[in-house]
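Working notes, structure below.
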Amino acid sequence: MEVAMVCTRVNLLILILSLCSPYKFIQSPMDFGPLNLLPTTTTASSDFGRILFHSPSAVLKPQAPRDISLLLSFLSASPLGKVTVAARGAGHSIHGQAQALDGIVVEMSSLPSEIEFYRREGEGDVSYADVGGGIMWIELLEQSLKLGLAPRSWTDYLYLTIGGTLSNAGISGQTFKHGPQISNVLQLEVVTGRGEIVTCSPTKDAELFNAVLGGLGQFGIITRARILLQEAPQKVKWVRAFYDDFATFTKDQELLVSMPVLVDYVEGFIVLNEQSLHSSSIAFPTNVDFNPDFGTKNNPKIYYCIEFAVHDYQNKNINVEQVVEVISRQMSHIASHLYSVEVSYFDFLNRVRMEEMSLRNSGLWEVHHPWLNMFVPRAGISDFRDLLMDSISPDNFEGLILIYPLLRHKWDTNTSVVLPDSGSTDQVMYAVGILRSANPDDGCSHHCLQELLLRHRRLAGAAASGLGAKQYLAHHPTPAGWRRHFGRRWERFADRKARFDPRCILGPGQGIFPRDSSSSNGAFASYS
């Protein structure tokens, strides 16, 4: 064991020297003992966005958190210190956030995949799962359902890793009720930028715990998480209602999130054209006989759809049909255009998978995804809708536009997530996701893609400066843009970086802290 550790350290030193050299010596697979460092791969150079392609010099496939710790310890202590590291989960970043140009990408999927379930003694009926940071949410769902349990808060797409969504926030239609995924974590195991393996929680090393949640991978790599569970329903009553007026649409959404005892999920989307109506209905397993007039190219007519869900536990004496009736009587949707269907809980949560398979079969999954996600204050959501409609062409928009309300008090402001500043006591804000696809085979090549990205930057800039909106899954091309994004939270964010990753090794793809090679303190000579 001692000999193996010495050999590993020697090989790591050779690796660091080679990466810091102007010449790249990693030309073929190399065995660095348990670290299993390999040359760069196409997978590690790309992501779901297919916008940026930054090749690392090596890929680490760790067998245990200690392997990541060993790598980061060496890099943190190295006087050369120019090598950066990015953790890669399922690769669903949009703008290269999990890439490391000429650095090292850590493939989190190679970590052990055990999931352990527990019930916390002496504190009531509290169940949780200890799960590796590289495990996908779909895997946790499949295993927890065998016990009649499930996490409380989700993302719409389940083929994302635990560590990846916790590094951002993790939102979906349950967020208004249970908060984002980062509000449903009891404990984390983190490897900091210094190489320290730390178990942290709200009561133990709380500063690191809060920093890492929503921290964009800047402070540490999440190798294990303790996820809060609840009883899983057997069925879900899934309801959709259509609108032709935006104010009525948002009013009804806010009505639904004001009823958390009755309603378990709320989202909404814009129906721009026949394509958006069809694609959003693939997973909804019932006939929707909504055939609206979309107007003309010069005079388009826009529609909106609310979807909500009520859980059916079956073992409880609750008539779900009556609950939906009580709710729907208070709504103001287009008459006769309310549709409902009963599905299994698993199928409801995994609904986007069906849409994915349809897109894959059509060759429309592995295309450019110039997405933009925003948090918009309630007071500005109507103006944001107008800005949005000025920036797109409804007749040829490919993709989905989500709009649904969140509640501020469900978010912990001690975490690193940036929300819009609230100038009042208004608890409602909106999540907006412009989930557009740009297919090169349909003519959207480099120039077209850059034009779409420019439109999104302009929209995000106008919404930030005029409405106080903030990007979610943020991307800013300059450090100055990141400082504006964080606003009054910047100093805390930079202080946390200086404490947990002072050499600015982690998360280079975010572009928040560019490394200053002339300073042993990384970027802090000029950005703190």
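Every read-out reported here was derived from the displayed coordinates using simple, explicitly stated rules and does not represent laboratory data. If you're wondering where the values come from, they're calculated on a predicted model, not measured in any experiment. Please note: Cβ atoms are built from the backbone with ideal geometry, for glycine as well, and neighbour counts cover all protein chains shown.
What the table shows:
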| item | result |
| --- | --- |
| C-alpha long axis of helix 381-391 to longest principal axis of the chain, angle in ° | 80 |
| Extension gain (nm, one decimal) between GLU114 and ASN287, 0.36 nm per residue minus Cα-Cα | 58.2 nm |
| Length released on extending from LYS82 to TYR313, taking residue separation times 0.36 nm less the Cα-Cα span | 77.7 nm |
| Under 19 Å from the Cα of LYS204 - lysines, other chains or at least 8 residues apart | LYS497 |
| The chain - percent relative contact order, Cα under 8 Å, separation 6 or more | 16 |
| Cut-off 18 Å (backbone N to label point 7 Å along Cα→Cβ of THR425), residues of region 232-273 | 258 |
| Positive-end extreme of charge dipole, region 163-238 - chosen from LEU186, GLN218, ALA232 (charges on Cβ) | ALA232 |
| Cα pair count fraction exceeding 13 Å, expressed as % - region 412-482 | 75 |
| C-alpha long axis of helix 65-77 to longest principal axis of the chain, angle in ° | 60 |
| Virtual paramagnetic centre 7 Å along Cα→Cβ of SER344, amide N under 12 Å, in region 210-244 | 234-236 |
| Extreme residue, positive dipole direction of region 269-364, given options HIS311, VAL271, PRO292 (C-beta unit charges) | VAL271 |
| Principal axes of the chain: Cα extent on each, largest first, Å | 74, 58, 47 |
| Percent of beta bridges antiparallel (DSSP, the chain, rounded to nearest 5) | 90 |
| Peptide ranges 214-222, 55-63 listed from the most packed, as the mean C-beta count within 10 angstrom indicates | 214-222, 55-63 |
| Candidate aspartates and glutamates for bridging to LYS61, where Cα separation is under 15 Å - those fewer than 8 sequence places away on the same chain excluded | ASP31, GLU107 |
| Hypothetical label at LYS410: residues of region 173-192 whose amide nitrogen lies under 12 Å (7 Å Cα-Cβ projection) | 173-184 |
| Per-residue [θ]222 nm for the chain (sum of -39500 (n - 2.57) over DSSP H runs n ≥ 4, rounded to 500) | -8500 deg cm²/dmol |
| Sequence ranges 363-369, 501-507, ranked by mean other-Cβ count within 10 angstrom, highest first | 501-507, 363-369 |
